[in-house]
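The next block holds one structure in the form of structure tokens; read it before the comments.
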Amino acid sequence: MNDWHVLVVEDDPDGQEVVERILRYHRIDAHLASDGESAVEQLTQNVYTLVIIDLALPNMNGWELLKFIKSQPTLAATPCIAVTAFHSAEVAVKALQAGFSAYFPKPLDATSFVRELENVMGG
């Protein structure tokens, strides 16, 4: 996990801090974007191991950001993780069907979150 470079796309400062603290505790390099547009900019300038995306982002939402990532040949294989405060079983299924590698409702459980990230990354 020490060689991971994760982009966290979250518009809520508290949500950013929670995910960033979890990742940094596990010595995972975390970069932040507060909306889809700045995430696109960062994704075109840097290489990330995985992207954690809040589904309810302003302007370009998490679903649209996922579509962008999957449409780019250089980014399409990058695992994307969905997080949302608007959890339902239907949203979870829809997220996985749309191409997210994993789905987490907020508030995040730090232990299962990191364990699932390891599973997604094949570790």
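Read the figures in this text as sums done on the coordinates, not as results from a lab. All values reported here derive from a predicted model rather than from experimental measurement. No Cβ is skipped: glycine too gets one built from the backbone with ideal geometry, and neighbour counts run over all protein chains shown.
What the table shows:
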{"read-out": "HN-Hα J in Hz across segment 85-99 - Karplus 6.51, -1.76, 1.60, θ = phi - 60°, x for Gly and Pro", "value": "8, 9, 6, 7, 4, 5, 5, 4, 5, 4, 5, 5, 5, 6, x"}
{"read-out": "Segment 5-109 - Debye-derived log10 I(q)/I(0), Cα point model, q = 0.11, 0.14, 0.17 Å⁻¹", "value": "-0.28, -0.47, -0.70"}
{"read-out": "Debye, to nearest 20: dipole size of segment 5-109, +1 on Lys, Arg Cβ, -1 on Asp, Glu Cβ", "value": "420 debye"}
{"read-out": "S38-D109 pseudo-label distance in nm [points 7 Å out on the Cα-to-Cβ vector]", "value": "3.1 nm"}
{"read-out": "Extended-chain gain in nm, criterion 0.36 nm per residue less alpha-carbon gap, K70 and R24", "value": "13.9 nm"}
{"read-out": "Potential extension, H31-D12 segment - 0.36 nm per residue separation minus Cα distance", "value": "5.4 nm"}
{"read-out": "Pair M121, Q97: separation of 7 Å Cα→Cβ label points (nm)", "value": "3.0 nm"}
{"read-out": "Computed [θ] at 222 nm, helices only, for the chain once each DSSP H run of length n ≥ 4 contributes -39500 (n - 2.57)", "value": "-13000 deg cm²/dmol"}
